[in-house]
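What follows is calculated from the coordinates using simple rules that are stated; it is not laboratory data. The shown structure was predicted, so the numbers you read here are calculated from the model rather than taken from an experiment. With ideal geometry, Cβ positions are generated from the backbone for all residues, glycine too; neighbour counts draw on all protein chains shown.
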Amino acid sequence: MQTTWIIAADSSRARILEMTGQGKPLQELDDLINPVGREQDHEVGRDERGRFYGSVGTPGQGSTGEPHHSLVEHSNELFAGTVADYLDKGRLDHRYSHLYIVAAPKFLGLLRSNLNKEVKKLVEKDLPYDISNFNERQIAEFVTKKMGLH
């Protein structure tokens, strides 16, 4: 059997697990962390928003209103890029030939949009569930039941 990687992720954590043969246990290879991923915007340090500066109708007038993306959303997008880069490096190093992704729904969308086309070709299946806090046995049971991976 070829090497299979299983990603169990959410916006704060991405666990990379490996299966090297049928009936062999999963082994965790890495545990990537995004400490801001579980934070709420009000918990992340930032300046107050909503103030205007300048005079009405003058050049240079502006607002300190909310940015288009929150700090947490931006951090999560960067984290999805980090995970995608990790997966691409693993592909380039021929460390896996099949990829299964199980991620919290919103993070799964971010991750999908960050994967390059060569990594996408290796994705056998992806599912929108948050199992990143499961132990290795629970992850193995989940992927066996929900993804048909043995």
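Residues in segment 6-23 that are part of a strand (DSSP E or B) and not small (Gly, Ala, Ser): Ile6, Ile7, Asp10, Arg13, Arg15, Ile16, Leu17, Glu18, Met19.
Taking segment 73-118, which residues are β-branched (Val, Ile, Thr) and crowded, with 20+ Cβ neighbours inside 10 Å?
Selection gives Val83, Ile101, Val102.
Listed by first and then second residue, the pairs with beta-carbon distance under 6 Å, at least 6 apart or on different chains, first residue in segment 124-135 and in contact (Cβ under 8 Å) with a residue 60 or more places away in the chain, second part of a loop (DSSP other than H, G, I, E, B) and of a type in the set (A, V, I, L, M), are Asp130/Ala104.
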